[in-house]
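The values are calculated or read from the model by the stated rules, or taken from the named source; none is laboratory data. This one's a predicted model, so the numbers in the text were calculated from it and none came from an experiment. A quick note on method: Cβ atoms are made from the backbone with ideal geometry, for glycine too, and the neighbour counts reach across all protein chains shown. Each accessible area value is taken on the protein alone, full model and side chains, heavy atoms only, with ligands, DNA and RNA left out. Shrake-Rupley method; radii C 1.70, N 1.55, O 1.52, S 1.80 Å.
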Amino acid sequence: MQTTSTEVLKSYIFNEPIMVDAARLQPLHPAAIFMQGTKRMPGTAITKSVVANEPGGRKREEIFVDIIEKISVTFSSSGYILTSEIDGTIQMKSYLTGNPEIRLALNEDLSIGRGGESANDYRSSYGSGAVILDDCNFHESVRLDSFDMDRTLALVPPDGEFPVMNYRMTQEFKPPFHINCLIEEAGHLKGEVILKVRAEFPSNITANTVVLEMPLPKYTTRASFELEPGVTGQRTDFKGANKKLEWDLEKFVGGVEHTLRAKLTFSQDLHANITKEAGPVSMTFTIPMYNVSRLQVKYLQIAKKSSSYNPYRWVRYVTQANSYVARI
């Protein structure tokens, strides 16, 4: 099930979102939304209330837009991508009084659909755009008058939280993690696992709540683990009941590779190739400030009630694993 609740996502957002100034907004890559100049915002968002109050107890005028992507990838035993898909949602939560109209602009080179369907289906030809969605649908409040022309959505947001747009993408994208796993026999009733994971995203991005699981041969009775020297925030476990190896990493910085070695003890000889008795490796993670599709909110414009009306605008990105599997 796809998690799109702002309340749930707050636990994954570790960086302060930056207010979007529509008048001066330059095209930004997702991570840049979270930067002011070259200064990174403090990681206090997790403790900050979603709805802040102005002095005098008045609710602050603000709107949140979350671009949430759940990705599914299957790797072959040699590391090639067999299948890949993104299920995405643009989620909005509005605390604006008076229901002003909002205009939300996406990538101008966004293409939707693989064929030449009519514009009434909100599809365009494949084109040469950097972002190509297979299909999408919109909330009933969204007006698409100028969407085919400039990729702008217009809406008067209803109360509460709602999905502005759902989309699916199978265009080739770079997976955020590469997994390499080797399991082999290491003597009588012995085996060894070497599991390597490399983060393919930039070093200014950090994934959290990373967990890898790997089913081991059913004859496994014991597993001892060896991590890299000096690492912190990692935990290993052998689940004896269901014969699974588990590796938890609290943080995973972009551009870094981590390695786990496990020495296995078996209760009897294996009757088949050991690689057929183990795996696949599955992985879960959350990556704030990052999206693999490159779909972006270019600007968020709110109809002015007066010259002094300037609500806070928050745009946040998060990527999560749906089904992330590597065969061995």
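So here's what we get for this one:
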{"read-out": "Filtered residues of segment 244-285 (kept if open to solvent by 40 Å² or more (accessible area, probe 1.4 Å) and either under 27 Å from E69 (Cβ atoms) or modelled with pLDDT of 95 or more (or both))", "value": "K244, E250, K251, V253, G255, V256, E257, R261, K263, P280, S282, T284"}
{"read-out": "Selection within segment 228-243 - surrounded by 13 or more Cβ atoms within 10 Å (Cβ to Cβ) and touching a Phe, Trp or Tyr at 6+ places or on another chain (Cβ under 9 Å)", "value": "Q234, T236, D237, F238, K243"}
{"read-out": "Given (1) crowded, with 18+ Cβ neighbours inside 10 Å; (2) modelled with pLDDT of 55 or more; (3) not in a strand (DSSP E or B), number of the condition E108 does not satisfy", "value": "(1)"}
{"read-out": "Yes/no for R294 being open to solvent by 10 Å² or more (accessible area, probe 1.4 Å), under 28 Å from the mean Cα position of the chain (by Cα) and modelled with pLDDT under 95", "value": "yes"}
{"read-out": "Segments classed as strands (runs of 3 or more DSSP E), wholly inside segment 131-232, with at least 2 members that are under 25 Å from I68 (Cβ atoms), charged (D, E, K, R) and not assigned by the TED database to the domain that holds F252", "value": "160-169"}
{"read-out": "Evaluation of S224 against (1) under 24 Å from the mean Cα position of the chain (by Cα); (2) surrounded by fewer than 13 Cβ atoms within 10 Å (Cβ to Cβ); (3) touching a residue at least 12 places away in the same chain (Cβ under 8 Å) (one fails), failing number", "value": "(1)"}
